[in-house]
Amino acid sequence: MPKLSNKAISVNKNIEDRVDIIKKGLLDSKNVKSGREFAESIGYLDSNLAKIGGSGNYSYSLSSIALLCVNFNINANWIVCGIGDTEQDFSISKLPSDNDKIEFQIKTRFFEFADNLINKSRFSSLYDISKSMGVHRQQLYTIKERVDKSLPPHMAAFMIENHALNANWLLTGEGDMFRR
């Protein structure tokens, strides 16, 4: 596994902290009965969920965050970047049951957003976007081209924070491409 940058670790840790707040609230309110039920509701085995805690070196996948948002009406902008209210103010439709399909849809929307930024002349190319994100261009091209590569949360967070990408649209397809 490649070494994560400090920024990526920080983003992962912040997401982890916000998911922990939601998990605790769901357990306290009895909306989920156990950590295992919570893990299963976002596409994880309980044992895999335990690996995420603490370091920021492992992260929730964007598909698991999407499932969290849909299953518990959580605002994706808040989970990923701490923007807005915790709860969603609109109902989100159902996602595909397969995490790989969810990841593919997220990647497709992310690169649609990137193309939109290029078309609006905010960037001249995907290479310029990768430079602004502080990632090697090959990493972004690999994510785009390979089915088995997921979009890391810190890349989504960069676009959400710096270019008004709407995380709810990115993760679930609901709402507008740009955050208001």
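Quick note: the coordinates plus some simple rules give every number you see, no bench work behind them. What you see is a predicted model, and the numbers here were worked out from it, not measured in a lab. Note that we place each Cβ from the backbone using ideal geometry, even for glycine, and neighbour counts take in every protein chain shown.
How do Ser124, Ser5 line up, fewest other C-beta atoms within 10 Å first? Each step should come with its number before you reach the end.
Working: Ser124 9, Ser5 12.
Placing the least packed residue first, the sequence is Ser124, Ser5.
Fewest-first ordering of Thr172, Thr86, Thr142 by other beta carbons within 10 Å of each residue's beta carbon gives Thr142, Thr86, Thr172.
Roughly what percent of Cα-Cα pairs across the chain reach past 25 Å? Numbers along the way, then the final one.
Working: 4754 of 16110 pairs.
So the portion of pairs separated by more than 25 Å is 30 percent.
Comparing Phe158, Ile65, Ala39 along the charge dipole axis of the chain, the residue lying farthest to the positive side is Phe158, per the Cβ-charge model. For the range 99-172, the fraction of alpha-carbon pairs lying more than 19 Å apart is 27 percent, rounded to a whole number. Between the C-alpha center of the range 82-139 and that of the range 17-42 there is a gap of 26 Å. Extension gain for Leu27-Asp100 works out to 23.5 nm (0.36 nm per residue, less the C-alpha to C-alpha distance). Exposure proxy shown here: for Ser63, Ser150, Ser10, the number of other Cβ atoms within 10 Å sets the order, fewest to most, as Ser10, Ser150, Ser63.
Amide H contacts for Leu165 (H built 1.01 Å from N in the peptide plane; partners 5 or more residues away or on another chain; cut-off under 5 Å): Ile160, Arg179.
Entry note, the chain: the mean residue ellipticity at 222 nm calculated from DSSP H runs of n ≥ 4, each adding -39500 (n - 2.57), is -18500 deg cm²/dmol after division by the residues and rounding to the nearest 500.
How far is helix 6-28 tilted off the main Cα axis of the chain, in degrees rounded to 10, range 0 to 90? Compared with the principal axis, the helix lies near 30 degrees. Our summary gives the chain a relative contact order of 22 percent, counting only alpha carbon pairs under 8 angstrom and 6 or more residues apart.
Were the residues from Arg146 through Glu112 laid out at 0.36 nm apart, the gain over their Cα-Cα distance would be 10.6 nm. Listed cross-link partners Lys13/Lys107; Lys120/Lys144; Lys7/Lys107; Lys23/Lys144; Lys33/Lys149; Lys7/Lys94 are compared with a 25 Å cut-off, the Cα-Cα value being larger for Lys23/Lys144; Lys33/Lys149; Lys7/Lys94.
Extension gain Asn6-Ala164, at 0.36 nm per residue separation less the Cα-Cα distance, in nm?
Values: separation 158, 0.36 × 158 = 56.88 nm, distance 2.23 nm.
Working it through step by step, the gained length comes to 54.6 nm.
Between the listed residues His136, Asn75, Val19, the Cα displaced farthest toward the positive end of the dipole of the chain, a dipole computed from Cβ unit charges relative to the Cα centre, is found at His136. Rounded to the nearest 20, the size of the Cβ-charge dipole of the chain about its Cα centre is 440 debye, with Lys and Arg at +1 and Asp and Glu at -1.
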